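For reference, the structure discussed in these notes is given below.
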Amino acid sequence: MARSRGSHYSALRRVARVANSGFGLRKTCNAIAKSTARAMQANGCRILSLNARREYLITVGTYGLSDVYLKKGALDARKSLPDILEGKEVFIEDATKDERVQHPQVALAQGVASILGVPILGKGEAIGEIRIYTREPRRFSEADRSFLLSVANVCAVMFERAELQQLLELGYRASERRRKASRASPLPVTTLRPTVFAHPSEEDFAKVLDFYCIEWLYEPRSFPLKWEGDKIAEMFTPDFYLPELDIYVELTTLKQSLITEKNRKLRQLRELYPDVNVRLLTKTDFTKLLAKYGYGPLGEAKVEGVDRVLYSHAQIQRRVKALAGRISRDYAGERLVLIGVLKGVLCFMADLMQHLSLPVTVDFMAISHYGGDGQVVKITRDLDSTITGQHVLMVEDIVDTGMTLNYLLGHLSAHTPASLRVCTLLDKRARRLINVPLDYVGFEVPDEFVVGYGLDYKGEYRNLPFIGILRPELIKDEEPA
Ligand code: IMP
């Protein structure tokens, strides 16, 4: 149902008034997102700003979006609807089915159906985006689209003004400035940052973060530390911000004079900005920090044998939570028996069950493969409990050819459960030989041998907190067991 042009005009008047209100960027953008979503009778709106290297989109304003969307932090500009940043308008009628959507399952879990996105253009180049979300699939009228483009133009002016303000740091008394700085949003828009690393160790650090698929922003924020009258006399810009861990990182060499100076600045920063989590790290320290947050073995930059990380710990956790949400909704009011096959499923099962808001019991089976092609399955440990008349969810780590699952489903259905469904974390669809029905799938993985998060190669790698691809030369001509 389209709204009249009159209501779009009054919404645009509201947007322009808010943009001119002098509030901080984040507050202004939140208010604009709200007015925009309401004017378009949409359920959500998100205003995003692009970083200077055109790699990340940072949320600067939202309305009506669930936590999962917001906690995603910065979006990878190359993967998340990249056409918008090419300057195009993008319309997606059904986000759960459209292949341009990176994670349709997330859209499904979050109840997002249609998306309309337009670029925010500054001097002819995309500097950000506005996205509109609806719960029901719908098409947008011409009036809706030109309204959204007008809002994008207002945002462009605001972004440029915020950037200027940040660069010049003019016009405020020192005390006023300090008060504002302490209330400042964690990630104000910054688009004029150096595009190259200042030091090779920073590049190394970025590579390690990339290896572990940890999102990072380079020098996204400067913290004023000292003022002389109205002017800022000293600033501190930590090298990195890691949105998933909400931590700023400053790298340092072992040179004592540098460490002392940086420690002084960090002390001041912590006094002025007590909510900011910032760490000073030497090159060898940062792997320890990553290990503390569950990335990689202590003291090693990379994991021997792992070619690259496919899904980071944080990505897995987000996906598992979303799957559990869907399962909890689908089985609302029922009791559920979860059945896992040892040992690959252990991490997934442990995380999944903790997020289920249902009465749940858990049972495990163990199997071994034998026969010439290794694909004949033998049950070496059967269920402890009876599943007759119960709702059963078979939980799998990975479905490859489908042989194992097909055999197990046959075995379980012979016990006549009330229902029998399958939830697998990974689906290696390219190698499927038997078309087994999968009701809940975490990620579709390529035709490679994957390890970590419970999955092993010759008994090892299960303890890695992420899912990575094993170096192909380690497997040679062997097939997965
Ligand atoms: P399927 O019978 O071919 O579907 O194989 C399923 C079993 O093979 C899984 O439960 C795993 O134990 C193992 N598997 C298949 N692919 C992989 C992999 O990439 N990494 C680790 N184990 C795998």
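Laid out as a table, the results:
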{"quantity": "Proximal charge balance of LEU425 [Cβ under 10 Å; K/R count +1, D/E count -1]", "calculated": "-3"}
{"quantity": "Relative packing of peptides 138-150, 406-418, 336-348 - highest average C-beta neighbours within 10 Å first", "calculated": "336-348, 138-150, 406-418"}
{"quantity": "Computed E for THR253/ARG13 - FRET, C-beta separation, R0 56 angstrom, nearest 0.05", "calculated": "0.55"}
{"quantity": "Nearest-0.05 FRET efficiency for GLU460 and ASP384, computed from C-beta distance (R0 30 Å)", "calculated": "0.60"}
{"quantity": "Vicinal HN-Hα couplings computed from phi for segment 333-344 (Karplus, 6.51 cos²θ - 1.76 cosθ + 1.60; Hz; Gly/Pro x)", "calculated": "x, 10, 9, 10, 9, 9, 10, x, 9, 6, 10, x"}
{"quantity": "Within segment 319-425, percent of DSSP bridges classed antiparallel, to nearest 5", "calculated": "25 percent"}
{"quantity": "Where N is the number of residues in segment 103-143, Cα Rg divided by 2.2 N^0.38 Å", "calculated": "1.43"}
{"quantity": "Label-point separation in nm, PHE197 to ASP83, each point 7 Å along Cα→Cβ", "calculated": "3.5 nm"}
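The numbers here are math on the coordinates, done by the rules we state, and not lab data. None of these values were measured; they are calculated from a predicted model. A quick note on method: Cβ atoms are made from the backbone with ideal geometry, for glycine too, and the neighbour counts reach across all protein chains shown.
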